[in-house]
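Worksheet: one structure, shown below.
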Amino acid sequence: MPACRMIHEMIRVYDLDRSLKFYDDALGMKEVRRKDKPEGKFTLVYLSDGQSDFELELTYNYDPAQPYDLGTGYGHIAVEVDNLEAAHAEHQAKGYKVGPLKGLGATKDYYFLTDPDGYQIEVMRKK
C-alpha cells in the first residue's frame with residue numbers, strides 16, 4: 001500500500017464572500033488559489049493557514065437555491081492555536097457562534113466554533 005499525505009478538505013458554501021471573510025477573520029486562513037468553472041457553474045477556492053501544506057477547499061455552486069443541509073455525517077475540522085483562552089475570547093467578541101471551553105480530562109483543551117454554513121471547527125490548544 002503506498003503512503004498517502006492529506007492535502008485538503010472540501011466543504012460546500014452557500015455564500016462564498018461571507019465564507020472567505022469568516023475564514024480569514026476568524027482563523028487567519030488566506031486564499032491561495034481559485035478555479036472558476038463557469039461551464040460547470042461552480043468556483044473552487046483553496047485556503048491555507050500559511051504553516052502547513054493542508055488546505056481547505058471551499059466549493060461554491062453558482063446560485064444555490066438554499067443553504068446546504070449538513071446531515072448527520074459531517075463531524076468537524078480542527079485547528080490548533082497557541083493561546084486557547086485568547087482565541088475563545090476573540091471569537092466571542094467578534095460575535096461568532098462559539099461553544100464553551102471543554103476538555104476530555106481535568107484541563108480545558110478545546111472549543112467548537114461554527115462557520116456561516118454551520119460547519120463545526122474544533123479549536124484546540126497547541127501541544
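The values are calculated or read from the model by the stated rules, or taken from the named source; none is laboratory data. Computed from a predicted model, the values in this text were never measured in an experiment. Neighbour counts are summed over all protein chains in view; Cβ atoms, including those assigned to glycine, are modelled from backbone coordinates with ideal geometry. Each accessible area value is taken on the protein alone, full model and side chains, heavy atoms only, with ligands, DNA and RNA left out. Shrake-Rupley method; radii C 1.70, N 1.55, O 1.52, S 1.80 Å.
Computed quantities for the displayed model
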quantity: Accessible surface ranking that places the most exposed of Lys108, Lys21, Lys127 first, with a 1.4 angstrom probe; calculated: Lys127, Lys21, Lys108
quantity: Tilt relative to the chain, helix 84-93 - C-alpha long axis, 0 to 90 degrees, to 10; calculated: 60
quantity: Sequence-separation-based contact order of the stretch 27-100, relative, with Cα cut under 8 Å and 6+ spacing, percent; calculated: 18
quantity: Enclosed volume per residue, in Å³, of the convex hull spanned by Cα atoms of the stretch 75-126; calculated: 71
quantity: Under the Debye formula (equal points on every Cα, no solvent term), log10 I(q)/I(0) of the stretch 18-76 at q = 0.13, 0.24, 0.28 Å⁻¹; calculated: -0.41, -1.11, -1.17
quantity: Size of electric dipole in the chain: Cβ of Lys, Arg +1 and of Asp, Glu -1, about Cα centre, debye, nearest 20; calculated: 180
quantity: In sequence order, calculated HN-Hα J values of the stretch 42-50 (Karplus, 6.51, -1.76, 1.60; Hz; x Gly/Pro); calculated: 8, 10, 10, 10, 9, 10, 10, 7, x
quantity: Whole-percent carbon and sulfur share, accessible surface of the stretch 1-107, 1.4 Å; calculated: 51
quantity: Tilt relative to the chain, helix 16-27 - C-alpha long axis, 0 to 90 degrees, to 10; calculated: 20
quantity: Value at 222 nm in deg cm²/dmol, rounded to 500, when DSSP H runs of n ≥ 4 in the chain each add -39,500 (n - 2.57); calculated: -5000 deg cm²/dmol
quantity: Amide H contacts under 5 Å for Met29, placed H, 5+ residues apart; calculated: Asp24
quantity: Residues of the chain: accessible area per residue with a 1.4 Å probe, Å²; calculated: 65
quantity: Once the Cα gyration tensor of the chain is diagonalised, semi-axes √(5λ) in Å; calculated: 26, 18, 14
